[in-house]
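Colleague: Quick one: this structure, given as structure tokens, is what I'll be asking you about.
What follows is calculated from the coordinates using simple rules that are stated; it is not laboratory data. Please read all numbers here as calculations on a predicted model, not as lab measurements.
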Amino acid sequence: MELVLNDADFDSKVLESDGRVLVEFFATWCPHCQRMQPILDDVAAKVSGVCHVYQVDVDKSPDLAAEYAPNGFPTYVLFQDGSLQETLTGEQTEETLLRLAS
């Protein structure tokens, strides 16, 4: 996993980025998010060099959560060259996340 983003670095790392960026909006208290952590770590390792993978803690960045993950957690948001491309909410398979990030 690369980095947990916050309000201060989200724009520079995601919205101003060239290429693909996958962001997981998660909560530390969310059991679904906890179950997804090892899967997301595997995906991040497999797509390294192709797609940046970041996380946003929704409790520490509620404004970002309200904007990009209004329907619950975990939410996965794919950006391409700073533009939102796709959003998935809830637990996902590794294959789905790999497809999203590749």
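Colleague: Per DSSP H run of n ≥ 4, the term is -39500 (n - 2.57); total these for the chain, divide by its residue number, and report the mean residue ellipticity at 222 nm rounded to 500 deg cm²/dmol.
Modeller: Rounded to the nearest 500, it is -9000 deg cm²/dmol.
Colleague: Kirkwood Rh, the chain, all Cα pairs: how many Å?
Modeller: Hydrodynamic radius (Kirkwood, Cα only) of the chain equals 13.2 Å.
Colleague: Test of understanding: what is the full-extension gain from Glu86 to Asn6, defined as 0.36 nm times their sequence separation minus their Cα-Cα distance?
Modeller: Between Glu86 and Asn6, full extension yields an extra 26.8 nm.
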